[in-house]
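K.L.:
Questions regarding the structure given below will be posed in turn.
The values are calculated or read from the model by the stated rules, or taken from the named source; none is laboratory data. All values reported here derive from a predicted model rather than from experimental measurement. With ideal geometry, Cβ positions are generated from the backbone for all residues, glycine too; neighbour counts draw on all protein chains shown.
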Amino acid sequence: MPSYSTTPLAAFLRFTVLGIFLLLGTFCYAQETETENTPKAIAATDSAENDFPEISFLTCAPGHEIHRLYGHTALRIKTQDEDWAVNFGWFSFNTPNFVMKFILGLTDYSAAWQTIGIFLYDFCRDDMGVTEQCLNLTPTESRKIKAALWDVMEKDGYKTFDIPLQNDYAPTRKEQVMGANWTYRYNFLYDNCTTRVLDVIQWALLSEGERLVFPELQNEKQFYTQRGMIHEFTVQSPWYELGQDLMLGPEMDEKHRLSDMASAWKNWIDGEKPKANEDATIFLPTYAQNILEDAYVRDAEGNQRPLVTQTTDLTPFLQRKADHPAIPLTPTAAGWLLLAITALVSFGEWKARKKNAHPNLKKAWRIWGNALDIVLWTLMGGTGIILTILTGWSQHPAVDTNWLTFLFCPAFLIAIALRFCSEGGNRTAAAIMLAAATFTLVCHFAGLQWIPTAVRLFSVAVGIRASMALAQNVQKTPVLSLWKSWGTWFFILAYVALQLVSLRLF
């Protein structure tokens with residue numbers, strides 16, 4: 001799997017495709033109420049030999065909110081006197097420049113210790129059921145996990161909050177939350193709430209000469225892609241899924257076995273900085289839950305014991321509300337509608353070009369054709385701005401290489417003006433649009449990158465309109481004479497420059 005930077009092979013291929021185009025013509029807020037309360041010495045070593053924390057793996061089901069569509073992961077640390085949920089998904093929407101940082105992949109997350117009451121209360125509000133898997137760890141391993149997680153809190157200090165819990169059946173009580181000042185660079189695929197929890201479990205086992213094994217996955221033949229895995233959780237949010245597919249490149253389409261993903265981990269506890277590498281990890285909460293259910297712990301002598309001793313639904317009272325798409329019109333339906341409109345307008349424009357057609361009819365279809373082209377080019381150019389920012393500057397994984405930047409390029413916004421002031425620029429833009437639309441379809445069917453159905457339909461519509469623009473006045477304006485037009489060279493230079501930006505060469 002490629003890393004963040006564009007690989008030389010990808011750059012060479014993109015330069016080659018770009019050359020072909022040119023020859024053809026022409027992108028948790030918590031109410032922070034600091035208190036003076038001092039928490040108990042949570043990390044203190046348990047005094048009694050038989051008194052050690054019970055560690056459980058908590059999995060929150062997918063929620064309704066966008067940032068909770070994939071669920072959540074935490075660890076439960078329970079002793080005779082305390083009961084905490086520890087998670088690495090602590091962030092605030094009120095962070096300065098949050099939206100821009102999120103777009104550029106500069107979002108920092110932190111860790112939080114929450115009493116189990118506030119943890120369950122928080123996720124139940126979004127219909128997120130919580131499942132607990134009790135882990136079969138040794139006392140030493142349990143203590144190590146607890147100490148390692150508390151070290152995160154002590155590294156840069158923490159803030160303490162008292163969150164009131166209200167209900168109709170009991171008086172209001174306050175539950176405690178501690179948020180660490182320490183942060184880490186959040187990475188959806190390689191470093192998130194799930195990967196960090198799995199890593200600390202693996203680290204504790206390995207430090208005692210034990211490791212996780214997955215007998216049920218030894219003979220697996222099925223391959224998974226990261227894109228396919230996240231699609232399982234975006235079925236009820238088709239427009240969000242489309243936006244995600246537009247931004248995520250071919251790295252998401254690499255095939256992996258679950259056994260390899262389950263075995264991959266990064267020793268961040270001992271200072272190894274997590275980063276994207278050749279090994280994809282289990283990054284989704286429910287996948288982690290299912291894999292741990294059948295996992296075993298193997299010691300140095302080869303003895304095995306089940307990792308999970310008991311699985312419990314902590315929210316049996318929760319009745320999840322049905323999900324309904326926010327917009328009844330799906331992207332695929334919108335794509336078919338756009339293609340039908342394109343075919344109708346193009347056919348009418350073609351019929352109106354006949355010599356015996358009425359002048360008013362010609363004018364009317366020309367207006368409709370120009371209006372449709374402006375809509376298409378605005379969508380291509382506007383989306384291209386976002387993709388160029390992502391491929392050119394974002395640190396998000398799987399966005400540095402994206403074959404869709406040929407079709408969605410900001411240069412097509414310039415084509416709108418060239419349509420009315422430069423015949424050479426207009427036809428050059430149309431030729432590159434036709435090549436880009438064709439290449440997008442080739443990318444999908446050749447397996448270079450998975451392209452959503454809506455985008456494939458959009459590509460066909462763009463190809464039809466580009467062909468109409470190229471066919472207009474083709475006999476009156478020889479192709480070779482277009483190279484003498486200022487509009488031709490202006491568009492080519494703009495298109496090439498923006499493609500170089502997306503390659504991170506500027």
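K.L.:
Out of (1) surrounded by fewer than 20 Cβ atoms within 10 Å (Cβ to Cβ); (2) part of a helix (DSSP H, G or I), the odd one out for Gly447 is which?
P.N.:
Status for Gly447: all satisfied but (2).
K.L.:
Which members of region 352-395 meet the condition of being in a loop (DSSP other than H, G, I, E, B) and surrounded by fewer than 17 Cβ atoms within 10 Å (Cβ to Cβ)?
P.N.:
Within region 352-395, Arg353, Lys354, Lys355, Asn356, Ala357, His358, Gln395 qualify.
K.L.:
Something else now. In region 295-325, how many residues are surrounded by 11 or more Cβ atoms within 10 Å (Cβ to Cβ) and modelled with pLDDT under 90?
P.N.:
Summing the residues that are surrounded by 11 or more Cβ atoms within 10 Å (Cβ to Cβ) and modelled with pLDDT under 90 in region 295-325 gives 4.
K.L.:
Conditions: (1) within 28 Å of the chain's Cα centre (by Cα); (2) more than 21 Å from Leu390 (Cα to Cα); (3) assigned to a helix (DSSP H, G or I). Ala497 meets all but one. Number of the miss?
P.N.:
Condition (2) is where Ala497 drops out.
K.L.:
Tell me which strands (runs of 3 or more DSSP E) are completely within region 67-185 and hold 2 or more residues being within 29 Å of the chain's Cα centre (by Cα) and over 25 Å from Leu292 (Cα atoms), or say none if there are none.
P.N.:
173-185
K.L.:
Another question about this same structure. Across region 223-243, what is the total count of residues that are closer than 19 Å to Leu189 by Cβ and part of a loop (DSSP other than H, G, I, E, B)?
P.N.:
Total meeting the criteria: 5.
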